[in-house]
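Here the structure is laid out as structure tokens; the discussion comes afterwards.
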Amino acid sequence: MDNDLLVEIKDLRLNFRTFDGISKVLNRVNLKIWRGDILGLVGETGCGKTMTALSIARLIPCPPGEIVGGEVFFEGEDVLHKTDEEMRLLRAQKLAMIFQDPTTSLNPVFTIGDQMIDIIGSRTDTSKASRLSMLGSLGSLIPTVRKLRRGARERALEMLRRVGIGDAAERIDDYPHQFSGGMRQRVLIATALSGTPSLLIADEPTTALDVSIQAQILRLIEELVDELNLSVLLITHNLGVVAKMCQKVAVMYAGVVVEYGSAIDIFKSPKHPYTIGLMRAIPTYGTKKGEIKGIPGTVPNLLDPPRGCRFHPRCEHAMPRCAEEPAPAPVAAGPDHEVSCFLYS
Amino acid sequence: MGLRYYLLRRLLLIIPVLIGLSIVTFVISHMIPGDPISLAAGPQATAEQILKLQEEFGVDKPLPMQYLTYMKGVLRGNLGTSMMNRHPVSMDLRRYFPATLELVLVSTVLGVIIGVPMAMAAAVFRDRWPDQVSRIVALSSISMPVFWLGMILQLVLGMTWHLLPISGRFDPRVPFPPNVTGMLLVDSLLAADLESFRIALKYMALPAFCQALFGIALITRLLRADILEVMQRDFVVMARASGLPERVILFKYVLKNALIATVAMLGFLFGWQLSGSVMIETVFDWPGVGLYAVKSAMTLDFQPIMGITLFVGLLFTIVNLLVDISYGVIDPRIRYG
Ligand SMILES: Nc1ncnc2c1ncn2[C@@H]1O[C@H](COP(=O)(O)OP(=O)(O)OP(=O)(O)O)[C@@H](O)[C@H]1O
Ligand code: SF4
Ligand SMILES: [Mg+2]
């Protein structure tokens, strides 16, 4: 396998058991993240962006979720077949994740220092990490634990200063509710990047924030990505952000990656009818900038998705075979540009 | 506002609560049909004797007057005198209360140390056998009449298998440990008398277990639901994504959040057990406030009943205050004020 390929998701299929039946949430998802790239993942709400991201960290709740097919590789290693402890270490050491809502992503009853120390400390083996966390500040009574704690606290302070919390030493023992939304997201970024990750997964990192703060946070992420030489999976609804930050783009529709390519290809010569619709829906002047606007029709019900190409009920180019044959497989539409549509095969 | 202001306000609030409580119990205990004076005087009492008793207890005066006289005494720590045994009520309370307090404390602790692990097992192994077992245990301990269960246990463990004593607090053939707190487990430990401790523990076992059942059931169900709810929260996903070990997530990150409601409920549970100890104390002949209350009620001896109610009410309010404070220690978002 190519050493420059950091993440590869192959034909991933994911079902969720619900009261109403089996929801086919991901259907043959294919995705590549190259080292050094920022990959933008876009698509309507509920199309499976978060689930795709979580699958890389093997964090999909099973049950009710069930991976029914496909493979996920991280740095060439098969993620789905690792032991729990190997997986935990991989998350602790190689993966950094930041989530949409910084308010609910921090534990309300522990100080941010306590949480950061635990997380920084979790990058060793389980029993050491547990001892450090469970003892809390009492751990300072044991010399070895005290040394670990002190190191972790130093690292936490350093990261907090790096993300722009100047009075870190005073704020580190505060509780999450004592911070503003933007500050909390900075804390989460500091926490996520306090290790030595090679991949940052950012799932709509600014959606829950004030518009005035969104740009600051995105700039901070960009700076840190540069500085730490990270690859990024950036999930967003904002195509303007994608155009500005990403080298690669993957477009999802109803649990399928319908098109994948360089940002230039996707924006300048989109191939899949859904992508074309998305690009056409980008407002020009007067409306709110960069939001995805509607394409006629509604998102399919994943309990009973359309046969064949899941987009066919809404597609203006739909042919009989689009509904009859099994879903179209990705085909090359250029170098590092793939599209899953019968128009091209 | 700071904790000090909050405390002061809460302490002051106890006063109107107790006044209300005293009025209600006073009215109720004086509305009871039947004549406690003639009961106390006995069947052979003459008219003068009864008159003298009526004067002594002030029952010939109008009710509001009686109440004021009573409350004046209460403020001076005088809870009145029992008509039956002529003891000051406060003296009897001091004698019986430690037994009840000990029973309630032990059963609350039992409720926590059995209920919390059961709740955790049920939540972690949701819908698998530990969950089912804990569900059955909780359900049956709530629905079984506790006096009936108590009697069964007395029959089986006490009379058939001779494993545990079935009534009382202590072996009558053995001298009591020196009285310090009135709680035998504590006193025997203070005297470093392990044999007495063992005896007291054996006498405590059945009543405390029966008393604890309600708390066990309550904690198990409540905490299980809270753990499951907290496990769905975003910060758990975030903790997992950061690579925290599962045991840290469960025992630290989830448990502390989930315990908030349980701690809030402990005060209620404690109060419920205090007043609910009547049943257990009757079944196990446990010489506590509950048994004292039953005996007084049967003779319409209203002074002890009022005293017990006021005392338990005061205790309940204080315990709830303590719980509210400890609540803030667990949950930093709580602002006192
Ligand atoms: N626990 C669950 N049980 C059942 N279905 C679920 C569960 N979690 C997610 N899903 C379904 O999986 C699908 C994909 O969800 P996902 O969160 O990945 O969407 P998304 O693209 O990230 O959407 P958004 O933009 O709103 O974040 C959704 O249709 C959702 O209904
Ligand atoms: S496969 Fe058919 S229905 Fe699907 S996008 Fe292509 S043309 Fe449209
Ligand atoms: Mg999402």
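With respect to the conditions (1) more than 17 Å from the chain's Cα centre (by Cα); (2) buried (at least 18 other Cβ atoms within 10 Å of the Cβ); (3) within 9 Å of chain B (Cβ to nearest Cβ), A:Leu59 lacks only one, and its number is (1).
Restricting attention to the range A:213-243, the residues that are open to solvent by 60 Å² or more (accessible area, probe 1.4 Å) and out of contact with any strand residue (DSSP E or B) (no Cβ under 9 Å at 6 or more places or on another chain) add up to 6.
Any idea how many residues of the range A:30-56 are in a strand (DSSP E or B) and either within 16 Å of ligand 2 (Cβ to nearest atom) or open to solvent by 20 Å² or more (accessible area, probe 1.4 Å) (or both)?
So the count comes out to 3.
Condition test on A:Val68, is it more than 7 Å from ligand 1 (Cβ to nearest atom) and away from every other protein chain (no Cβ under 14 Å)? Criteria met by A:Val68.
Looking at the range A:107-136, which of its residues are modelled with pLDDT of 90 or more and either within 18 Å of B:Leu250 (Cβ to Cβ) or more than 26 Å from the chain's Cα centre (by Cα) (or both)?
A:Asn107, A:Pro108, A:Val109, A:Phe110, A:Asp114, A:Gln115, A:Asp118, A:Ile119
Go through the range B:197-245 residue by residue and tally those that are buried (at least 19 other Cβ atoms within 10 Å of the Cβ), among the polar types (S, T, N, Q) and within 12 Å of chain A (Cβ to nearest Cβ). Residues that pass the stated criteria total 1.
Is at least one residue of the range A:78-95 away from chain B (no Cβ under 14 Å), at pLDDT 90 or above and either in a strand (DSSP E or B) or open to solvent by less than 20 Å² (accessible area, probe 1.4 Å) (or both)? Yes, the range A:78-95 has at least one match.
Yes or no: the range B:290-303 includes at least one residue that is within 12 Å of the chain's Cα centre (by Cα) and not aromatic (Phe, Trp, Tyr).
Yes, there is a match, as at least one residue in the range B:290-303 is within 12 Å of the chain's Cα centre (by Cα) and not aromatic (Phe, Trp, Tyr).
Taking the range A:87-102, which residues are out of contact with any Leu (no Cβ under 9 Å at 6 or more places or on another chain), within 22 Å of A:Phe179 (Cα to Cα) and away from ligand 3 (no atom under 16 Å from the Cβ)? Residues satisfying the conditions do not exist here.
Assessment of the range B:250-262 against the conditions (under 20 Å from B:Val106 (Cα atoms), open to solvent by less than 30 Å² (accessible area, probe 1.4 Å), touching a helix residue (DSSP H, G or I) at 6+ places or on another chain (Cβ under 6 Å) and within 14 Å of chain A (Cβ to nearest Cβ)) yields at least one matching residue. Pick from the range B:318-334 the residues that are in contact (Cβ under 8 Å) with a residue 60 or more places away in the chain and open to solvent by 30 Å² or more (accessible area, probe 1.4 Å): which of them is farthest from the other protein chains (Cβ to nearest Cβ)? So, considering only residues that are in contact (Cβ under 8 Å) with a residue 60 or more places away in the chain and open to solvent by 30 Å² or more (accessible area, probe 1.4 Å), the one farthest from the other protein chains (Cβ to nearest Cβ) is B:Ile318. For beta carbons closer than 6 Å, sequence separation of 6+ or different chains, a first residue in the range A:84-97 that is over 13 Å from A:Leu59 (Cα atoms) and in contact (Cβ under 8 Å) with a residue 24 or more places away in the chain and a second that is hydroxyl-bearing (Ser, Thr, Tyr) and open to solvent by 10 Å² or more (accessible area, probe 1.4 Å), the qualifying pairs are A:Lys94/A:Ser198. Comparison of B:Gln132, B:Gln154 shows that the only residue that is open to solvent by less than 60 Å² (accessible area, probe 1.4 Å) and part of a helix (DSSP H, G or I) is B:Gln154.
The values are calculated or read from the model by the stated rules, or taken from the named source; none is laboratory data. All figures in this text were calculated on a predicted structure; none of them were measured in a lab. Note that each Cβ is placed from the backbone with ideal geometry, even for glycine, and that neighbours are counted across all protein chains shown. Each accessible area value is taken on the protein alone, full model and side chains, heavy atoms only, with ligands, DNA and RNA left out. Shrake-Rupley method; radii C 1.70, N 1.55, O 1.52, S 1.80 Å.
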